[in-house]
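Notes to accompany the following structure.
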Amino acid sequence: MTTIFYILAGIVLLILILAAIAPKTYHVSRSIVIAKPKSEVFENLRFLKNQDQWSPWNQKDPDMEKKLTGTDGEVGAMSYWNGNKDVGEGEQEITKIVDGERVESELRFLKPWKSTSDAYLATEAVDANSTKVTWGFSGKNKFPFSIMMLFMNMDKAVGKDFEEGLDNLKSILEE
C-alpha cells in the first residue's frame, strides 16, 4: 500500500513539475514582401472571404463547410468552418481593424480540441510598390495541454502553413 502511495505521489509531483516548466504562451509569425502597394495589399487582407483563395487550410479541405456572417471586412465579421481532420472546426472573428495597417481577429477552435488564439495580419510599406505582410497568432497554453508543448513546437507545427499561405497570397496579388 505504501509503495502505491509513493508511486502516485511521484506521478503527481512529476505532473506538477512539468506543468511548472511548460511554456505558458505561444506566438508564431511569418512575413513576406509582396510587390504591390500597401493599400492594395491591405484591401485584400481585410476581407475574411479572400483568405479562402490563399489559406493553406482551404487547400487541405476544399470541401469544408463554410459560413460567413456579419459584414465582411468590418469588425464583427465572422467566418465559420467545419472540415476534415486536417482543418477541424472553428471560427474566426474580426476584432479590430487599424485601417491600412492591421487586421486582428480571434480564432476559436472547436475541434479537435477547444482553444482560442489571437491572430493578426499586418502590413508595412517597404517602398511605394512593395509591402511587407506579417501573419501571426498567439495564445495561452492551458493546463494540461501546456505539458504537451514541452514535446511539440508550435512554431514548427504552424510556421510552414503560414509560409505556404503567404507564398499563395504573394502569387495571387502579384499575378
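State the dimensionless ratio Rg/Rh of the chain (Rg: radius of gyration of Cα atoms; Rh: Kirkwood radius). For the chain, the value is 1.10.
Shown in residue order for the stretch 165-171 are the 3J(HN,Hα) couplings computed by the Karplus curve 6.51 cos²θ - 1.76 cosθ + 1.60 at θ = phi - 60°: x, 5, 4, 4, 4, 4, 4 Hz (x for Gly and Pro). For the chain, the per residue solvent-accessible surface stands at 59 Å², with DNA, RNA and ligands left out and a 1.4 Å probe. Close amide H partners of residue 89, meaning residues 5 or more places away or on another chain with modelled amide H under 5 Å apart, are 83, 110, 111. For residue 132, the lysines whose Cα falls under 23 Å of its own Cα, not counting residues fewer than eight places away in the same chain, are 36, 38, 49, 96, 156, 160, 170. Only DSSP H runs of four or more residues enter the estimate; each adds -39500 (n - 2.57), and after division by the residues of the chain the mean residue ellipticity at 222 nm equals -10500 deg cm²/dmol.
Phi angles of the stretch 108-123 translate, via the Karplus equation with coefficients 6.51, -1.76, 1.60 and θ = phi - 60°, into HN-Hα couplings of 10, 8, 9, 9, x, 9, 7, 6, 10, 9, 9, 10, 8, 10, 10, 10 Hz per residue; Gly and Pro are given as x.
The values are calculated or read from the model by the stated rules, or taken from the named source; none is laboratory data. None of these values were measured; they are calculated from a predicted model. Surface areas here come from the heavy atoms of the whole protein model, side chains and all, with no ligands, DNA or RNA. Shrake-Rupley method; radii C 1.70, N 1.55, O 1.52, S 1.80 Å.
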